[in-house]
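Contents: one structure, followed by commentary.
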Amino acid sequence: MNHESAKKNFLYINSSYDTKLYGSPNVGTGGTKDFSNNTSGVILFFKVRDRVKKAVFTGKNLDDLNKLFMEKYPDFPRYSLRPFTILNQQSQIPHELDSVSDLYSNCILEIKYEGSTNSVVRRGSVAGYTGRAREKTVIVMVGLPARGKTYIARKLSHMLNWLGLPTKIFNVGEYRRQRMGSMDDTSTFFDPAHQENTRALLHLALAALDDLVAFLNGGGIVGIYDAANISSERRKIISQRCTREGINKIIFLESVCDDPAVIEALIRETKLSSPDYQGHDPQVIMDEILAKVAYYAKDYETIPDENNLQSYIKFFDGGRKISINKITGYIPGRIVFFLMNLHVYARPVWLTRCGDSEASARIGGDTDLTTHGDNYAHELAAWVEETLPADQKDLTVWTSTLKRAIRTAQYIPYPKVQLRGLDDLDRGDLDGKTPDEIAREYPQEYAARIADKLSYRYPRGESYEDAIQRLEPVMFELERARNPILIVSHLAPLRCLYAYLMGMAQEEAIHLNIPRGTVIKILPKAYGCEVASYKLM
């Protein structure tokens, strides 16, 4: 399963918890609800700036709705009354209410002021970090083919986007494939003796650089320029162009590898999945890559270590060691720390939610499993024994510190590690409440969570953004591990980890469907992730 289809399959609209908390899905404009005999009423919330008031609508049309609003806000100037804005639950897109048939239980109707901004998710809200918008950063990949550059670039992009820093990769190889199509023999194409091909590659490299600059000028924070960039002259061209555009934070990231065993492993683990070699014999691929490396090696100039005023990071032998020069600032610091934990060897990560607990109707808590939940624990252990390949028996199981997660993994005969970072979202003062109780007793909190689910923080509790920050050490440990990992946790942390592994933005994470009774396998590779799901119960 490729990245896009995986996103489509797992993107959630309508989990059981959110349906209970937010009401039934919006029928959409032109829906079929009939309010002509509306006697029981529809519970809704009127929102004006930060004020929220609960109401029960028993009317028949928009005029009746406006009257109800004025009863709740008698001081509101009638001349300022505008159409209400309602949030479509399925698309998460606000739109103007033009029919009462669009109302649904527990919906929020908001009055928008001129010049106000919609209460949508804000990218880039990195906790504890200011000045983000001023620190435009370019990461320039450097190295011979088959050194894991694209894999490293994708991992960096996933991490930075996951932290809320808009990041995009500009891979020159993708530009070549899009504009010149696939080719039967890629090795001869890169022969420097073919000057026409050399000029074409230069034009493609400059086009990718143009797009990178446009991305940063258009609101992006980090652009990753993924190409060989083996000559000092090419790196000088990139530096000069970025400097002219006012982008002064340029980091050269060179992947250096001289170990034949590591090189062969990199070719097999990264290049076999390359779009250039789909359907090719593995040995033919190996021969073509080695021929391509030989061409590039003739002009390869490593980044000098002596008297170098450039910012650079050298990544040796697939993660054996790194060296750095002139690295300062928040984003470069996060990149270095991430690379210190990274390796380029593929291994699967398995995600599953804990079994049903005794208080599953309430949010939060630390209760034990039900009989059904314990049955899932047995099913999971049996599935692990039957499914894991013989060469992946070095599995480690990670769980949260909560009873229901620990109990779900109790029958699996492999080492287990309890990590507080994998604990469920802290609901603070609302811990142990049912969704209906929250909607009835805490309408302001209810409305605030609907308006901005990513940033909303439970009273004395956590937000999704807080959970992402809490999970950062878990993410680093996940990258450092070289053996398969099975993670038994809860919906919120699993959503965040799935989004990171798949390279999704924070906004997408909060709507992912991670169903109970299912194991999701993710195998990160250089050109995407292999994803499979296994329904156990």
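Observations on the structure shown:
- So Ile313, is it modelled with pLDDT of 95 or more and closer than 20 Å to Val142 by Cα: yes
- Only one of the numbered conditions (1) over 16 Å from Leu491 (Cβ atoms); (2) in contact with a helix residue (DSSP H, G or I) (Cβ under 8 Å, 6 or more places away or on another chain) is violated by Cys354, and that is (1).
- Test: residue in region 278-286 that is of a type in the set (Val, Ile, Thr) and free of Cβ contacts under 8 Å to residues at least 40 places away in the same chain: yes
- Filtering region 247-258 to residues that are touching a helix residue (DSSP H, G or I) at 6+ places or on another chain (Cβ under 9 Å) and surrounded by fewer than 16 Cβ atoms within 10 Å (Cβ to Cβ) leaves only Asn248.
- Answer residue from region 170-226, given it is basic (Lys, Arg) and surrounded by 13 or more Cβ atoms within 10 Å (Cβ to Cβ) and is modelled with the highest pLDDT among those: Arg176
- Qualifying positions in region 424-459 - at pLDDT 90 or above, over 22 Å from Glu507 (Cα atoms) and of a type in the set (A, V, I, L, M): Leu430
- The helices (runs of 4 or more DSSP H) found entirely in region 145-236 that carry 1 or more residues being more than 29 Å from Glu465 (Cβ to Cβ), in the same structural domain as Thr302 (by TED's automatic domain parsing) and acidic (Asp, Glu) are 172-180, 195-217.
- Selection status of Asp276, at pLDDT below 90 and over 20 Å from Val172 (Cα atoms): no
- Qualifying strands (runs of 3 or more DSSP E) (wholly inside region 303-422; at least 1 residues being in contact (Cβ under 8 Å) with a residue 40 or more places away in the chain, over 23 Å from the mean Cα position of the chain (by Cα) and surrounded by 16 or more Cβ atoms within 10 Å (Cβ to Cβ)): 311-316
The values are calculated or read from the model by the stated rules, or taken from the named source; none is laboratory data. A quick note: this is a predicted structure, and the numbers were derived from the prediction, not measured. Glycine also receives a Cβ, built like all others from the backbone with ideal geometry; neighbour counts cover every protein chain displayed.
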